Each structure stands twice: as C-alpha cells, then as structure tokens.
1. Somewhere in region B:204-220, is a residue in the same structural domain as B:Pro361 (by TED's automatic domain parsing), surrounded by fewer than 21 Cβ atoms within 10 Å (Cβ to Cβ), free of Cβ contacts under 8 Å to residues at least 12 places away in the same chain and not aromatic (Phe, Trp, Tyr)?
2. Check whether at least one residue in region B:26-47 is of a type in the set (D, E, K, R) and either open to solvent by 30 Å² or more (accessible area, probe 1.4 Å) or at pLDDT below 75 (or both), and report yes or no.
3. What is the one condition in (1) within 23 Å of the chain's Cα centre (by Cα); (2) open to solvent by 60 Å² or more (accessible area, probe 1.4 Å) that B:Pro361 does not satisfy?
4. Within region A:130-158, take every residue that is among the small types (Gly, Ala, Ser) and modelled with pLDDT of 95 or more and give me the one that is nearest to B:Arg255 (Cα to Cα).
5. Considering only residues that are open to solvent by 10 Å² or more (accessible area, probe 1.4 Å) and farther than 22 Å from A:Ile287 by Cα, which ones fall in region A:168-178?
6. Output yes when any residue across region A:312-325 is touching a residue at least 12 places away in the same chain (Cβ under 8 Å), in contact with a strand residue (DSSP E or B) (Cβ under 6 Å, 6 or more places away or on another chain) and open to solvent by 10 Å² or more (accessible area, probe 1.4 Å), and no when none is.
7. May I ask you to say which residue of B:Gly166, B:Gly227, B:Gly146, B:Gly238 is touching a residue at least 60 places away in the same chain (Cβ under 8 Å) and on the phi > 0 side of the Ramachandran plot?
8. Take A:Arg309 and decide whether it is within 14 Å of chain B (Cβ to nearest Cβ), more than 19 Å from A:Gly222 (Cβ to Cβ) and either touching a Cys at 6+ places or on another chain (Cβ under 9 Å) or surrounded by fewer than 16 Cβ atoms within 10 Å (Cβ to Cβ) (or both).
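The values are calculated or read from the model by the stated rules, or taken from the named source; none is laboratory data. In this text the structure is predicted, and so the values were computed from the model without any measurement. When we count neighbours, we look across all protein chains shown, and the Cβ atoms used for this are built from the backbone with ideal geometry, even at glycine. Remember, those area values only see protein heavy atoms, side chains included, never the ligands or the DNA or RNA. Shrake-Rupley method; radii C 1.70, N 1.55, O 1.52, S 1.80 Å.
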There are 2 protein chains.
Amino acid sequence: MAPAYEPLLAGETSSNNNDSNIIITQDEVPINKSRVTVVGSGNWGSVAAKLIASNTLKLANFHDEVRMWVYEEVLPSGDKLSEENVKYLPGIKLGNNVVAVPDLEHAVRDANMLVFVTPHQFMEGICKRISGKIREDVEAISLIKGMEVKREGPCMISSLITEHLGVNCCVLMGANIANEIAVEKFSEATVGYKENREIAEKWVRLFNTPYFMVSAVQDVAGVELCGTLKNVVALAAGFVDGLEMGNNTKAAIMRIGLREMKAFSKLLFSSVKDSTFFESCGVADLITTCLGGRNRKCAEAFARNGGKRSFDELEAEMLQGQKLQGVSTAKEVYEVLSHRGWLELFPLFATVHEICIGSLPPTSIVEYSQS
Amino acid sequence: MAPAYEPLLAGETSSNNNDSNIIITQDEVPINKSRVTVVGSGNWGSVAAKLIASNTLKLANFHDEVRMWVYEEVLPSGDKLSEENVKYLPGIKLGNNVVAVPDLEHAVRDANMLVFVTPHQFMEGICKRISGKIREDVEAISLIKGMEVKREGPCMISSLITEHLGVNCCVLMGANIANEIAVEKFSEATVGYKENREIAEKWVRLFNTPYFMVSAVQDVAGVELCGTLKNVVALAAGFVDGLEMGNNTKAAIMRIGLREMKAFSKLLFSSVKDSTFFESCGVADLITTCLGGRNRKCAEAFARNGGKRSFDELEAEMLQGQKLQGVSTAKEVYEVLSHRGWLELFPLFATVHEICIGSLPPTSIVEYSQS
C-alpha cells in the first residue's frame, strides 16, 4: 500500500504510480480511462483493492491508481491504518498503486467506478455522506454480504446504493475467504447485473485474475440474496456437525438449504434465475461457508452444548464481541415467512430459527418432513 | 435377517414373516400385493433391504417378506453370509422379514419389484442368468453407481437391465453412505424415472422413511450419470486437499466439477434436466463424496506425494486390492471428450485424467482457464 494520500486533480497522475500508468497502444492513446475507488478497507476490502490494482496496471482503459478509503484508526502500536493495513491484512502487499485515503469525500470524488465493501450497517451513512459529491457517470458494485431481510422484503444493499446515489449498482459475491485469496489461492466469484452486460463485463475484467475467476449473470437479486441466506444454512450445517451426524446428513441439509435459498429468493423476486444457484455465489459459497466459517463453528458449539448455552453467550466467548449474521438473518427470514404464511414451505429455515431461540432442540434440524 | 431361506410358492407366505403380513383394511382385502427382491447384499444392498423391509411391514400393497439374494460366501469364521451379514453390515438388524436367498433364480422368480444393487461389472452376467426366469410384470430399479462410459456413450446400467430383461428400469441415487443410513442418520435420495410417474412413486413409498427422504424426478439419465461422474470431481477435490489449498479453492473446484457434470450429461442426453443437479443425486452426493470417500482420500495422498506414487500403488496400499472408480471413469470420460472434440469444454474433467496418468502435476487442478 502506498504510504500516504496525495491530493489529485482529475485526470492527473499520482506520483505514486509507476511508469506503466500511461499505456499507449499502437493504434491509439486511450482516453476516458476509468478511475476506481474501493470504499472499505477490512480484509475483504483490502484483498479487493489488491485484485483490482493488479489489473489496473495491465488494462489500458483504467487508471493505474486505485484509491482505497480507509476509516482512520490509530492502532495501539501507533501505526495508522492508512499507512499499512496491519490490522486487517498484515504481510500482504496490495500493490504500489493502491493509495490509502482517510477522507471519504476525497477518496470518491474522482472515481467513476466505486467498489463498496464495508459492513452493511455502515452503508446508509456512507451513501448519505457522499451523495451529491460523486461523478455523474459513476458505476457502483457492492461486495457487501448480509443485508437485512425486513418483513416487507429484503433491504438489498445494491438497491440502497441506487436509491441514495442515483447510480446503477452491480454486486459481486462468491466463495471468497479474503485471507485465502490474499495469498492467491484459486477461487471464483459471480458478478450480478441488472441490464447492462457491458458494465458487468467491465467489472469482470477489473476483478478477474488467473487465481480469481469471475463470471457475470443477469440476476442482481439472486446473487445478492445468496450472500445472505447461506449463513442460515451454515447454522444448520453447524448443528449437524455438533450432533456428529456425519457427511451424509450434512450434505442433505446443505442441499435442502440450497433449495430453500432458491425457493425463497424466487418467491421474493420473480426475476431470480435457478441457474444463479449453480454459480460461485450459490453452491460454492454455500460449501465454503458450511465447511469453515464462524456461523457453522458457533452453531456446532451450540449443538454440542445441547442448546443450553445461548448464541449470545457463545458469540461473546468465540467471536470477541462480533455477532453472528446467520442468527439475525434466520430471525428476519422467519418473520417474513411467518408474515406471508410461508412457514410450511421452508421447514429448514423455520427450524433453524426455532433452534436458535431455544424453541426446538438442535436435533430437530433433521426432524422435519418433506416440503 | 432371517436365518435361512425356505422355498416359497408364489403367493404363499413365508413362515419367517410375522403376523402383520396380511394387512386387512376396513374397506378391502388388498390383492395383487407387490413382492420385492433385492439383488445384491453388499453394505448398500443390505441397507436397502433394511429400508424396504421396514416399509413392506407398514404398507398394505406390499408383501411383508423381502428376499435378498446373497452371493454365498463361507467366511473364515465358518459363518455363512446368508445367515448373517457379518461381512458387510455387522451388528445391524435388517428386519425379520428379510429373507436371505443364496440361489439367484429362486430369489427373483416371484418378485414383481427387483432392486439391483451389485458391483456394476456383475450386472451383465446377472441379467443373462435371470433373463426369461422372472415375472412378466417386473419393474426394476438400479442403485448401482459407476457404470462405464464408453466412447460411443455411457453404458447405463438401467438401459442394460431394460435391454436384457425387457423391463422398465428406474434408478435411485443420492448422498448415501450405507453405514450412516444403517444407523438411521438422516439422508436423502433421488429416484429417476423415464415416463411412468406412478411406478416412480411406488418406489418412493418403498424406500422412503423419516430418516431417508426420497423424491422422484423424470430424468433417468441425469440421475444415473451423477452417480458416476461425481467420482471424477472427488479426485479433483482430493488433489486440492492434498495441496492444502483450503475450503475456498475446494468449493470452487467442486462447483466447476458440478457444472461439467451437468454440461457433459446434457451433451450426451438432451433429455437431462438442470434441476436434477440440485437433487440429492447431484449436489448432495457430490458434497458427501468430496468430503469423505475413498476417491477423495486416495487423490489427497496422490497430491501429497506430488504425483510420484501412482494410483495403482496407492490403491494397493489404501484399498486392499479394490480399484478406484474415479480413476477409470476419468479415463473413460477423457476418451469420450477426446473422441468428440470436447476436451476444451471440460477443462476439469480433462485435467483430472491428465493428473492421474502423470501428464500434469497435481497443481494443474487450479491452473486452467475459464471455459
């Protein structure tokens, strides 16, 4: 990561950039190069910046420099997060062309491609702060998993961005454990787009590397819902692990979970496609989340304790104060199912919530009948 | 398991049956009850007999008695396999209404529902032996995974049965580790049928229990191919495990494998449905096989040794003389791909075979580009 932010004028080249910034092909001097800013700098944000920065150096129609908005923190060591991402991604070089920017408005003002990758609860505030302060031709993409599911329907982050900023917004989801991608282990991701295939392909080019294979599908809602609903299934898988029921049962529960993810998404949005669930955002992210992941892990501990220690207690002990997304998503989904009279259609989703709140024992996860 | 086989006349009730054999409902005395014979008595065959036998006791339109053809072996202990299945399923009670029959012709002659669950290489011989010696109204189902894939197309076991015996044949596949189902851990399975939905539902009723949930899809070829092709993907997953690439990469490889299973099946049989791959036979069996299973395990050892010890050597050491189905299926699939000019469409399938024969190092499993 470049050590400091230097104010830039639009079109100007940062002194941090290396010589390959201006790429002149034989036929033409590229104009209207795109400028990318990553809004967020947790570990997934940092890895996204690394992926993007490796591509902007190579692709003629992007400015080399990638700005990354870093919520400034001074660590106990005295290090500033904007100087090196020692907190979220120590030891990983993001590329000299990644410029850390502690000021949000400065970070976004010159970009025409905004990559949002913050915790979901911050997004509304961020949108309000940058509204009216971004370029008119901005295209956005959200990498944020785990939006809330309200009774009247899910509060899609992509919709929130579109509503607040008046820009088109794609999503990128998939089996993406940041630390594994940081060390360039092979992975995949899915870009969901609404209408403009060309923009989706631009995002694919920006993220795609030989170890991070990205493909695009025309289904924003399906892709985005996968990233949230998988956490409910991961709890179910964790219960099975805690009960030591074996791989057969776990596979069955994951399959039923995937079926409910698909059915729920399609009931909420008729535009959702079955094929989306075969993409990285669907089956692959589900597998990753049900093999590793903290939702699975805490649910395993919950079942091992026969449900006698609450999730609140386990979270406090195992997650250093963080909360499990799966538990709140299961609750939100249950409210939708209950409100719409769909409980019987989704026995796995319903059962997960009832186990979480102690209404049913963990063993119930395999005791519902076929829907 | 009943201790011995007693010759039966058609329509006669075995003295081994318990009193509940004749179920008289208030409205009618059921006639034309179906008689079931399980052809095969390995561990999956024994578990299938157990599932079926628990249902024939309950269902009015089935004879209680389930015959199971047992290829007679006298074990070193002096025990006969037809007396107790101590070799394949020790300690599991199959039900008093399961009757072990060492004579194949006697086993099948009175049945109108034949369940085939032998190693696939025995099926042709079995069909020849029983051809012309079975009832005319026989319905068959194959639980046999891993048919051969010949250059001119796969040699489906269900087709082989239909051709030799002139009977309709369904298939039952899924995430079915016999030993886990034997102890009644929750699992699922998929029945694939050709045209007759009613027959498929009859098979579903015969196998379905609260811990073994069966559903039917109209897609024999898709269901049957899943049971074979998954073993190729399991090798790929094993390579990833051996290279210690993490869950993210493993999930990506499993997803790509599922995509190639689907695409290959559809190219071979235009009738194959996408939705089949969401069933237990598809995604769930794939997950089970890629988490446990000997294909995965041997492939892990192969990759850990950098491909320097051949599969022949590892199989001899790890499988007590058995051969891995995945390795031969990968070879057979490669021949089809090569013969039809499809190699580039199936980079994962092709790469698995090339790794198995030592043409490529195990690390190649993540080094192909997007198809």
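1. No: zero hits.
2. Just the residues of region B:26-47 that are of a type in the set (D, E, K, R), to begin with: B:27-28, B:33, B:35.
From the residues that got through so far, the ones that are either open to solvent by 30 Å² or more (accessible area, probe 1.4 Å) or at pLDDT below 75 (or both) too are B:27-28.
Yes, because at least one residue in region B:26-47 is of a type in the set (D, E, K, R) and either open to solvent by 30 Å² or more (accessible area, probe 1.4 Å) or at pLDDT below 75 (or both).
3. Of the numbered conditions (1) within 23 Å of the chain's Cα centre (by Cα); (2) open to solvent by 60 Å² or more (accessible area, probe 1.4 Å), the odd one out for B:Pro361 is (1).
4. Just the residues of region A:130-158 that are among the small types (Gly, Ala, Ser), to begin with: A:131-132, A:140, A:142, A:146, A:153, A:158.
Keeping just the survivors that are modelled with pLDDT of 95 or more gives A:131-132, A:140, A:142, A:158.
Working: A:Ser131: 39, A:Gly132: 41, A:Ala140: 27, A:Ser142: 23, A:Ser158: 25 Å.
So, considering only residues that are among the small types (Gly, Ala, Ser) and modelled with pLDDT of 95 or more, the one nearest to B:Arg255 (Cα to Cα) is A:Ser142.
5. A:Asn168
6. no
7. Details: B:Gly166 fails: touching a residue at least 60 places away in the same chain (Cβ under 8 Å); B:Gly227 fails: on the phi > 0 side of the Ramachandran plot; B:Gly238 fails: on the phi > 0 side of the Ramachandran plot.
Exactly one of B:Gly166, B:Gly227, B:Gly146, B:Gly238 is touching a residue at least 60 places away in the same chain (Cβ under 8 Å) and on the phi > 0 side of the Ramachandran plot, namely B:Gly146.
8. Values: within 14 Å of chain B (Cβ to nearest Cβ): no; more than 19 Å from A:Gly222 (Cβ to Cβ): yes; either touching a Cys at 6+ places or on another chain (Cβ under 9 Å) or surrounded by fewer than 16 Cβ atoms within 10 Å (Cβ to Cβ) (or both): yes.
No.
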